[in-house]
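What follows is one structure encoded as structure tokens, with my remarks underneath.
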Amino acid sequence: MVIKFLRSIQLALVLIGYLAVTSALATLIPQGRESAYYTGNYSAVLSRLILTFDLNDFFRSAFFLLPAALFTANLALCAAHRLAGRLRAGARRRFGPDLVHLGLLLLIAGGAVTLLGREERTIYLPEGYAVTLPGGSVLKTRALEYQEYPDGRPKDWLTTVEVTDAAAAAAAAAAGQGRAASPQVPAPPAPRVFTIEVNRPLRVGRLKVYQSSFHRLPALTVEREGAGTSTIIPGHTLPTSGGGQLRYFSFEGDSPDTQEEVARGVAVFEEWRGSTRAGQKRVALGARFEGYRLVGLKYFSVTGLHVVRDPGFPLVIAALLLAAFGLSLSVIQKVREEDNV
Amino acid sequence: VSVSNSLILLPTVAFALLVLSAALQAVFLLRRDRTLEPVPASPPRPTGRPPRERRLDPTPPLLLAGAALLLADLARRSVQIRFVAVTGIFESLLFFAAVIALVLFVYRLRAGQRSLPFVLFGGTVAAVFLLALASSPLAPKEVVPPIPALQSHWLVLHVTFSFIGEAFFVVAFVASIVYLAGRSPERRQRLDRLTYTAIGIGYPIFTVGALVFGAVWAEVAWGSWWSWDPKETWALVTWLVYTGYLHARLVRGWRGPVSAVLSIAGFVFTLFTLFGVNYLLSGLHSYR
């Protein structure tokens, strides 16, 4: 009786309706913001409703995941029942919907694997810098290029990198430490060179590296009296003699395309005491402030690369192919039916 | 011809042809004698009266010419930007209108005298409405090459297949409206059948285009095949509504007004996914 209910079309229709309506409503509420956003932008009743029912993170809440799990059970039982019935009856035709059902189940499985096993991080690298990826391979930026159309819109962001695979990187590291410097050991393979661009990610083992952003950052050279110079970029802080901090916020001035030293401009700092913002300080190039002197400023390019490992995606691709094949079969049958009318 | 006029010359002519087609269809719908013949003409019916001179139906050639002009303009824009021109809202509307005209043309040819004139008329009006929308300030007409995220052949497949599927949803929507307004049982049965077959064909094409190709493009562009972006979510909701329609029809045998209302609801969701999300909600698809 329970199984019959769980595989019933009535349950399927109710769940489809619920998922459709709640998903649509969830798009009307900005997702994933801090609680303060909702209390500040909605009435007391509405914000309490949003936060109580997890409508601010609806697609990870029990109100979505439990019905989705029930729908998965419904789909699985219905597909199994339908397929078993067809096999018993020896029916040869109309397997399209069965393949679609199986594809959807596989898709849900892929989604679950993605939800539980996906790893990602974004790295920001200037030209000539290297980073060790998860798994041990080393990625080093060779060249960064930003292309734009004549009207100023972005045309492409390209990051040329060289990738040393994990084994070669380990051998190189060991050689560097003098432990594997033997003439019998073959030289490690040359690094692979690849240009990453939007819609053209780099695959390194199970990882994929995507071009996600491109920045030109104004790097300030700051001299502290009696303590040498240092370079800071927006977001960095400088300690002050009064126990507070100066957070480098932005730079207003010349912005050349090249990496030449900038001659004129003003750096904007935020003054912080503990977690309280105490004010703003504007400092011209060459000026002294709080025991520091702004020596100079130079722009340099930074590429934002998104590194992703998604063990669920191969399952998703298989699921989509299966569902697409099943749907194609369904269409062919539908067209034939139409012809026979 | 000035630069701005040359940008919209072909779509304007296509618009005029489709308006003419809709107007002629309206005239024929208002006449009592609706015997129009597609090429070639079928044998006359034995009515006992002397056979009247048959008129050639201008609807199919006008639909075909309108679609051809719109596609020609898209081809011209594609050459200019060196990419398939379906990445802007103006181009998308042109493509959608062209596909609707083509679907109506094929339907008219295949159905012959059994075609349902109100459905053809409604579909033509929908194509005209889309072109009117394309001519509004909401759709910039400049020929501009795509930004990096849009330079993907997966995107082209995503957009074109989605619109082809949605063109069949237009036919289903109009048939459902006419069904609810109609009274003849025989005609309503044919409209119900047309709604069902149109969704039956459009649904898999829409699924492959909107969801499958969309997911692959998102994975290639951003490394995330699904993000619960508003456009993605609304496409999924639209898909769920049509899934509900087909299941209710196939498994529960739902027919008639409830089925027609579900088909209309599906198309309302389709329209919101297409336009409402772009202008009312922000997300990854906020390209104008």
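Since every read-out is calculated from the coordinates, none of them should be taken as a lab result. Just so we're clear, the structure is a prediction, and the values are computed from it rather than from any experiment. Here Cβ is always computed from backbone atoms with ideal geometry, including for glycine, and neighbour counts include all displayed protein chains.
For A:SER230 and A:ARG142, what does the FRET efficiency come to when R0 = 35 Å and r is the distance between their Cβ atoms, rounded to the nearest 0.05?
E(calc), rounded to 0.05, equals 0.85.
Out of residues 5 or more away from A:GLY265 or on other chains, whose amide H comes under 5 Å of its own, with H placed 1.01 Å from N in the peptide plane?
Answer set, sorted by chain and number: A:LEU285.
Cut-off 14 Å, label point 7 angstrom out along Cα-to-Cβ of B:THR12: give me the residues of the stretch B:58-85 whose amide nitrogen falls inside.
Answer for the stretch B:58-85: none.
With viscosity set to 1.002 mPa s and temperature to 20 °C, compute the Stokes-Einstein D of the stretch A:27-177, Rh being the Kirkwood radius across alpha carbon pairs; µm²/s, no decimals. Please report the intermediate quantities before stating the final value.
Numbers: Rh = 21.7 Å.
It comes out at roughly 99 µm²/s.
If you scale each eigenvalue of the Cα gyration tensor by 5 and take the root, what three semi-axes come out for chain A, rounded to whole angstrom and sorted largest first?
Numbers: eigenvalues 559, 202, 79 Å².
After scaling each eigenvalue by five and taking roots: 53, 32, 20 Å.
Along the charge dipole of the stretch A:4-71, pointing to its positive end and built from +1/-1 on Cβ of Lys, Arg, Asp and Glu, which listed residue (A:LEU55, A:ALA36, A:ALA20) has its Cα farthest out?
The listed residue farthest towards the positive side: A:ALA20.
Find, to one decimal place in angstroms, the Kirkwood hydrodynamic radius of the stretch B:117-221, where the mean of 1/r is taken over every pair of different Cα atoms and then inverted.
15.7
I want the antiparallel fraction of DSSP beta bridges within the protein assembly as shown, as a percent rounded to 5.
Counting DSSP beta bridges with both partners in the protein assembly as shown, the antiparallel share is about 95 percent.
Between B:LEU64, B:ALA215, B:VAL241, whose Cα lies farthest towards the positive end of the dipole of chain B when Lys and Arg beta carbons carry +1 and Asp and Glu beta carbons carry -1, centred on the Cα centre?
It is B:LEU64, whose Cα lies furthest towards the positive end.
Within chain A, how many lysine pairs that are 8 or more places apart, or on different chains, have C-alpha atoms less than 30 Å apart?
Lysine pairs meeting both conditions in chain A amount to 7.
Using a Förster distance of 22 angstrom, determine the FRET efficiency expected from the C-beta separation of A:VAL14 and B:VAL251, and round it to 0.05.
Calculated transfer efficiency: 0.95.
Positive end of the dipole of the stretch A:198-288, charges at C-beta (+1 Lys, Arg; -1 Asp, Glu), about the Cα centre: which of A:HIS236, A:LEU207, A:TRP272 has its Cα farthest in that direction?
A:LEU207
How much mean residue ellipticity at 222 nm does chain B get from its helices, if each DSSP H run of length 4 or more adds -39500 (n - 2.57) and you divide by all residues, to the nearest 500 deg cm²/dmol? If you can, show how the numbers build up before the last one.
On the way: 11 runs with 192 residues, N = 288.
Result for chain B, helices only: -22500 deg cm²/dmol.
What Kirkwood radius, in Å to one decimal, follows from the Cα pairs of chain B?
20.1
Looking only at other chains, what is the average number of their beta-carbon atoms within 10 angstrom of each beta-carbon in B:230-237? Write down the numbers at each step before the final one.
Details: counts 6, 1, 2, 8, 4, 0, 4, 9.
That works out to 4 on average.
Quote the charge dipole size of the protein assembly as shown about the Cα centre in Debye, to the nearest 20; the model charges only the Cβ of Lys and Arg (+1) and of Asp and Glu (-1). Each step should come with its number before you reach the end.
Values: 62 positive and 41 negative charges, 548 e Å.
Here the protein assembly as shown has a charge dipole of around 2620 debye.
Please report, largest first and rounded to whole Å, the three semi-axes of the ellipsoid equivalent to the protein assembly as shown, where each semi-axis is the square root of five times an eigenvalue of the C-alpha gyration tensor.
Whole-Å semi-axes of the equivalent ellipsoid: 55, 31, 26.
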